[in-house]
Amino acid sequence: MKLLKVLIVLALLFPFNLHAEVLLNQCNESDIKGSFNLIIYSNSFINDPETFIILDRGDQIKIIPYAPNFKYRVIENLNEKEALKITNEILKDNSFVSFIKCSEISFKGKNVGYELKPIYFPWVFGLLEPVETVYKKEGDSILIFIRLNPNVERQLYFGGDTERDN
């Protein structure tokens, strides 16, 4: 009975439909062509593990982080060469980052942009990809729900402790 209650609560709280329409597919930087609005998320300090970049095609579907305006900034109307130059300057740190992961963001089979995330060496945070993203279509926009992995968050803000000081 207790397990059933827990499952019902989880079913109500967990948004099952977040992946329904928006898909991420692996790509290469050489696949990126065109004009983009570049969205830099976080980048609050050097080697900020929340930092990643979105290249929004600037078409009818706008990609927007579900976050306060101060957590990201947008540079509009860049060609692929300019966008990738900025991406590499921000994300590529040879001492911490192994490579940059490229994912195509598509909605109903149409490419609407790209997600570019740094993949860290495993000894930096204990995992390769510290920031987790989920995409959801709402109206004329695609919202990005962003979460820093809880283990990385504890390492950064609580010295690795599993319990916070009250």
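The values are calculated or read from the model by the stated rules, or taken from the named source; none is laboratory data. Since the structure is predicted, the reported quantities are computational estimates derived from the model, not experimental observations. Methodologically, a virtual Cβ is constructed for each residue, glycine included, from the backbone with ideal geometry; neighbour enumeration extends over all protein chains shown. These accessible areas exclude ligands, DNA and RNA; they are computed on the full protein's heavy atoms, side chains included. Shrake-Rupley method; radii C 1.70, N 1.55, O 1.52, S 1.80 Å.
Structure notes:
- Apportionment of accessible area to carbon and sulfur, region 12-150, percent (1.4 Å): 54
- Short-range pairs are left out: with C-alpha atoms under 8 Å and at least six residues apart, the relative contact order of region 22-166 is 27 percent.
- Spin-label model distance (nm) - PHE45 vs ASN25, 7 Å beyond Cα toward Cβ: 3.9
- Eligible lysines near LYS92 by straight Cα distance, threshold 27 Å, same-chain separation 8 or greater: LYS33, LYS62, LYS71, LYS81, LYS101, LYS117
- Full-stretch length increase - GLU76, SER106 - with 0.36 nm per residue and alpha-carbon distance subtracted: 8.8 nm
- Distance distribution P(r), region 35-166, all Cα-Cα pairs, bin width 5 angstrom from 0: 2, 10, 20, 23, 19, 14, 7, 4, 2, 0 percent.
- Positive-end residue of CYS102, PRO68, GLY139, charge dipole of region 45-166 with Cβ unit charges: GLY139
- Proportion of all alpha-carbon pairs of region 94-166 beyond 15 Å (%): 65
- Placing a label point 7 Å from the Cα of PHE158 along the Cα-to-Cβ direction, the residues of region 119-146 with a backbone N closer than 19 Å are 125-127, 130-132.
- Considering all C-alpha pairs of region 67-110, those separated by over 13 Å amount to 72%.
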